[in-house]
2 protein chains.
Amino acid sequence: MKKLINDPADVVREELQGIGAAHSDLVKVHIDPHYVVRADAPVQGKVALVSGGGSGHEPMHGGFVGMGMLDAACPGEVFTSPTPDQMEAATKAVNGGAGVIHIVKNYTGDVMNFEMAAELCRSEGIDVESVLVDDDVAVQDSLYTAGRRGVGTTVLMEKIGGAAAEEKRPLKEVADICREVNANGRSMGMALTSCTVPAAGNPTFELGDDEIEIGIGIHGEPGRQRIKIKPVREIVEMMAVAVVDDIPFKKGDQVLAFVNGMGGTPLIELYVVFNEVNKFLQGRGVTIVRNLIGSYITSLEMAGCSITLLRMNDDFIRLWDAPVKTPGLRWGA
Amino acid sequence: MKKLINDPADVVREELQGIGAAHSDLVKVHIDPHYVVRADAPVQGKVALVSGGGSGHEPMHGGFVGMGMLDAACPGEVFTSPTPDQMEAATKAVNGGAGVIHIVKNYTGDVMNFEMAAELCRSEGIDVESVLVDDDVAVQDSLYTAGRRGVGTTVLMEKIGGAAAEEKRPLKEVADICREVNANGRSMGMALTSCTVPAAGNPTFELGDDEIEIGIGIHGEPGRQRIKIKPVREIVEMMAVAVVDDIPFKKGDQVLAFVNGMGGTPLIELYVVFNEVNKFLQGRGVTIVRNLIGSYITSLEMAGCSITLLRMNDDFIRLWDAPVKTPGLRWGA
């Protein structure tokens, strides 16, 4: 295993210390238990958004804490759910009296622990709504999941929901917007290589020199099929057909197209992928009105990409364009 | 070779088409010859900044075109210098009557071709100043270089010089600010893995399963030494000592610390690196007043990182903080 780390047991703590030192103008990092909150938390009278999950998917979620996006993030160990006490502490730290939304990716550990945390917080008088993300069309159930996995749509939900909260909309309304994002977003990923969890020291799975995995999960969970490498045009078509036909996205739809790198894929390839996604959607009469291209929900150093499409409406577009100021996503501020 | 590409011969063109389709609000892409200009070019009365170099280092340079940074970028084929006709065409396209600055990384092909382009442009009445970047302390001469290579400081020069140009400062003054950035910036890189140029199909160099290369160049050129993998604390110290002692950076200095990913290194590791850089500099009495953490000057899918330190003054800080709106770097706008 070759990684830029010290002891595998210290990776998450040291990463968080790095984030805290680098972005003290935007966020505050709490070490025991681990959580990241926006520097001005709690914002009185604003619905607060809290998310979390295993580490190894950076910048998600800690990199999305700040004005216009999340109020707090709870990082677990690498590919391991955070604990209810982290979530409870983060929720209390950002509660500004208008209620808190838990954005939960659909993995069994995350779901169970966020449920426990929500109960604890409610018993202390905090109004908590939970929103599930389950946008991955690749497989129905999976290694760590009952139902579909939560992937790329999470990033878009955190941005759009965060902007709605920033407008001081009430709890139910912001939660409904988040649920509407989930209902209109679909994703699928693929891997060129595996990744290595630091504490494990060996690749999560093996992939031949000429093999790729279509429908991979963000923890390396099995996808739909393992095939020989093909031109990206054909790879994108396999993924895009699965995504577009699922919802389905129809002629005349306006979408946000999110081409995401898995951590080890350079930007030059992501733009080649975006070019293919754009051509594919033009052929289907679907128009890309916004886009996001880069490595935003990663799987350590895995090479590969995912494609997320979100059907946009005028409110979504306005909320997407609203200012955001986080370590990982920033514009207009 | 497993990459998300079609024919290796089409990678750069298809990437540029992707950039053009994704960011038509910020940039215009010209295909024959290849260059990228800001969408509102030429800006009358403003000094224009033009850079360029081989592709494979994305987002540099095409991703740094836009308000507050570059006016144009000329991408060559992967790891290959662009041609004088590209540079000439780009220079003419962005000339707003106040002169043009060529930002040239110190590689033999880039230097020669930018010189020819500058001569061509001057013969047509355009006032051109050339600024060289040669900030890599790792080695004196190299495979493609007489003198030091140009690396991470390029990104900082493009931002700071771009902000100065945006203030409508005159040509000589903006060029001098760029030269002052080069004089105060130093870098060093390292690799955990090699990378594969698409047209070659094989790794540029070989590195053992437990080996790393300290002082690597952005095209995989040899560095100072090849060693066994160590804890990141020790790797950072080796690089930071070389960078700090070179200029030298002294107790009381204020610096911008730029921790750059080589393309295949995930953000979680870059924050661990930043944490070590921060601790190292604290020990030396050097204060980090600004930072940049991410993959901004890459070497295809190479895993590894580079560290750039830039000694800051009040003018540099103000220009760094000024709004920027490009595909790859954006804040305040």
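The values are calculated or read from the model by the stated rules, or taken from the named source; none is laboratory data. In this text, all values refer to a predicted model and were calculated from it rather than measured experimentally. Using ideal geometry, Cβ is built from the backbone for each residue, glycine included, and neighbour counts are taken over all protein chains shown. Just so you know, the surface numbers come from the protein's heavy atoms only, side chains and all, with ligands and any DNA or RNA stripped out. Shrake-Rupley method; radii C 1.70, N 1.55, O 1.52, S 1.80 Å.
See the values below:
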{"read-out": "For B:Val241, solvent-accessible area (1.4 Å; no DNA, RNA or ligand), Å²", "value": "40"}
{"read-out": "Phi-based couplings in Hz for segment A:72-88 (Karplus 6.51, -1.76, 1.60; Gly and Pro marked x)", "value": "8, 9, 10, x, x, 5, 4, 6, 10, 4, x, 9, x, 5, 4, 5, 5"}
{"read-out": "Average partner coverage of A:302-312, which counts Cβ from other chains inside 10 Å", "value": "1"}
{"read-out": "Chymotrypsin sites (Phe, Trp or Tyr not before Pro) lying in DSSP loop within segment A:205-301, provided at most 12 other Cβ fall within 10 Å", "value": "none"}
{"read-out": "Residues of segment A:32-67 with amide N under 15 Å of a point placed 7 Å along Cα→Cβ from A:Asp85", "value": "A:32-35"}
{"read-out": "Axis-proximal residue, chain B, for the rotation superposing B on A (Cβ, Å)", "value": "B:Gly264, 2"}
{"read-out": "Per-residue SASA entry for A:His23, accessible area with 1.4 Å probe, Å² rounded to 10", "value": "20"}
{"read-out": "Separation of the A:Lys230 and A:Phe205 label points, Cα + 7 Å toward Cβ, nm", "value": "1.7"}
{"read-out": "Helix-only mean residue ellipticity at 222 nm for chain A, each DSSP H run of n ≥ 4 adding -39500 (n - 2.57), per residue, nearest 500", "value": "-10500 deg cm²/dmol"}
{"read-out": "Calculated FRET value between A:Asp246 and B:Thr287, using beta carbons and R₀ = 56 Å, to 0.05", "value": "0.60"}
{"read-out": "Copy-to-copy label separations for A:Arg284, where each label sits 7 Å from Cα toward Cβ, in nm and ascending", "value": "5.2"}
{"read-out": "For chain B: rounded, prolate or oblate by the Cα gyration tensor [a/c cutoff 1.5]", "value": "oblate"}
{"read-out": "Average partner coverage of B:20-26, which counts Cβ from other chains inside 10 Å", "value": "4"}
{"read-out": "In range of the label at B:Asp32: residues from segment B:53-79 whose backbone nitrogen is under 20 Å from the point 7 Å along Cα→Cβ", "value": "B:74-78"}
{"read-out": "Integer Hz, Karplus 6.51/-1.76/1.60 couplings in order for segment B:111-124, x for Gly and Pro", "value": "4, 5, 6, 5, 4, 4, 5, 4, 4, 4, 5, 4, 5, 9"}
{"read-out": "Built amide H within the under 5 Å cut-off of B:Leu292, gap 5+", "value": "B:Ala257, B:Phe258, B:Val259"}
{"read-out": "Whole-angstrom gap from segment B:281-333 to segment A:1-75, using each part's C-alpha centre", "value": "20"}
{"read-out": "Shortest-first distances to equivalent copies, position A:Lys251, nm, label 7 Å out along Cβ", "value": "7.5"}
{"read-out": "Solvent-accessible area of A:Ser194 with every protein chain in place, 1.4 Å probe, in Å² to the nearest 10", "value": "20"}
{"read-out": "Prolate/oblate/rounded call for segment B:11-184, Cα gyration tensor, a/c under 1.5 rounded", "value": "rounded"}
{"read-out": "Cα centroid separation - segment B:161-193 against segment B:215-246, whole Å", "value": "23"}
{"read-out": "Average accessible surface area per residue within segment B:11-184, 1.4 Å rolling probe, Å²", "value": "31"}
{"read-out": "Amide H within-cut-off set for B:Thr145, under 5 Å, with H built and near neighbours excluded", "value": "B:Thr108"}
{"read-out": "Peptide B:274-280, shielding by other chains (average Cβ, 10 Å cutoff)", "value": "5"}
{"read-out": "Protein-only accessible surface order, largest first, of B:Asp127, B:Asp110 at 1.4 Å", "value": "B:Asp127, B:Asp110"}
{"read-out": "Entries of A:Lys279/B:Lys2; B:Lys2/B:Lys159; A:Lys92/B:Lys250 with Cα pairs more than 32 Å apart", "value": "B:Lys2/B:Lys159; A:Lys92/B:Lys250"}
{"read-out": "Charge dipole (the protein assembly as shown, unit charges on Cβ, about Cα centre) - positive-most of A:Phe205, A:Asn278, A:Ser299", "value": "A:Asn278"}
{"read-out": "Distance (nanometres) between label positions extended 7 Å along Cα→Cβ at A:Arg122 and A:Asp314", "value": "3.6"}
{"read-out": "Amide proton proximity set for B:Glu301, modelled H, under 5 Å, gap of 5+", "value": "B:Thr196"}
{"read-out": "Copies compared at A:Gln140 - label distances in nm, ascending, label defined 7 Å from Cα in the Cβ direction", "value": "7.0"}
{"read-out": "Listed residues B:Asp10, A:Asp209, B:Asp245 arranged by accessible area, highest first, probe 1.4 Å", "value": "A:Asp209, B:Asp245, B:Asp10"}
